[in-house]
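Have a look at the structure below before the remarks.
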Amino acid sequence: MMSSLLNKVVIITGASSGIGAATALEFAKTGARLVLAARNVERLNDVASWCSAKGLPQEKIFVTSCDITDEENLKSLVGSTLEKYGQIDVLVNNAGSCQIVSFLNTSAEVFDNIFTINTRAPFMLTQMCVPHLKKTEGCVVNVSSYSGQRSFPHALTYVMSKAALDHFTRTLAVDLAKDKVRVNSVNPGVVVTEFQRRAGMTEEAYKAYLEKQKELQPLTAAIEPEEVAKVILFLASDQSASVTGELVFVDGGRHAKAPV
């Protein structure tokens, strides 16, 4: 258990599935006070039950519906967190979206939607949380992607949005260092979640895609969400007290390989 996270107030967006749900479970083991935010409240309640099964008391779990594309929803998320717990210590900007589509077929609507979810929402929510993170000398962990620093076919807008998020991480880390607020990013490779299917990948293509990771991610092949969650936990804890402005790749070595 990371004792430095005991009773810390942790907001996790996109907490209803995948990396977000796995992150909630890892934080639950530390005794942190959780704010689980996503659009799907039914699935959030499932995650809350799993957190309880890890020994986290119900009073330390706050489930709230939040559409991060809506600025009023973001304000409500921050306001309700402060009303419930009185402080904010950690913000995990996890919610994200992708759509597999060729460059020439990418509409303005698709472009705007992906940038709103992947870049604008983390920007706005962090901006709302920073005054409170300054009071607690807290931290931000952004969930980006290895593709923020490497090309990835058929998802140009997604790659651009994650590259912007990476630069946001680095720049904000410098801006907030004087306030003792740390900002880091975890950049996963391919993780076993519903993400690719939701982006439009067929079941057959997804199966082949996972098989391909044995070559592309030589250490691990496709990664389990828990592996990413553990790195998020580290970046949120005092064990990384001198770490800021870092992009931490959790991709089985994919980013380090020379392009094929």
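Table for the structure above
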{"quantity": "Answer residue from the stretch 93-152, given it is at pLDDT below 95 and in contact with a Lys or Arg (Cβ under 7 Å, 6 or more places away or on another chain) and is surrounded by the fewest Cβ atoms within 10 Å (Cβ to Cβ) among those", "calculated": "146"}
{"quantity": "Which numbered condition residue 80 misses (of (1) part of a helix (DSSP H, G or I); (2) farther than 23 Å from residue 181 by Cβ)", "calculated": "(2)"}
{"quantity": "Candidate set from the stretch 193-230 (those that are open to solvent by 30 Å² or more (accessible area, probe 1.4 Å) and within 29 Å of residue 4 (Cα to Cα)); member that is modelled with the highest pLDDT", "calculated": "230"}
{"quantity": "The stretch 22-39, residues that are farther than 14 Å from residue 64 by Cα and not in a loop (DSSP other than H, G, I, E, B)", "calculated": "22, 23, 25, 26, 27, 28"}
{"quantity": "Selection within the stretch 70-79 - in contact (Cβ under 8 Å) with a residue 40 or more places away in the chain and either open to solvent by 70 Å² or more (accessible area, probe 1.4 Å) or within 12 Å of residue 35 (Cα to Cα) (or both)", "calculated": "75, 77, 78"}
{"quantity": "Long-range neighbours under 7 Å by Cβ, at least six apart or interchain, first residue more than 16 Å from residue 136 (Cα to Cα) within the stretch 232-245, second open to solvent by less than 60 Å² (accessible area, probe 1.4 Å) and modelled with pLDDT under 95", "calculated": "233/2; 239/2"}
{"quantity": "Matching residues in the stretch 161-175 - criterion: being aliphatic (A, V, I, L, M), in contact (Cβ under 8 Å) with a residue 40 or more places away in the chain and open to solvent by 10 Å² or more (accessible area, probe 1.4 Å)", "calculated": "164, 172, 174"}
{"quantity": "Residue check for residue 178: at pLDDT below 70, loosely packed, with under 14 Cβ neighbours inside 10 Å and of a type in the set (Lys, Arg)", "calculated": "no"}
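The values are calculated or read from the model by the stated rules, or taken from the named source; none is laboratory data. Being a predicted model, the structure only gives us computed values, none of them experimental. Every residue, glycine as well, gets a Cβ built from its backbone with ideal geometry; the counts of neighbours run over all protein chains shown. Side chains included, ligands, DNA and RNA excluded: accessible areas come from the protein's heavy atoms. Shrake-Rupley method; radii C 1.70, N 1.55, O 1.52, S 1.80 Å.
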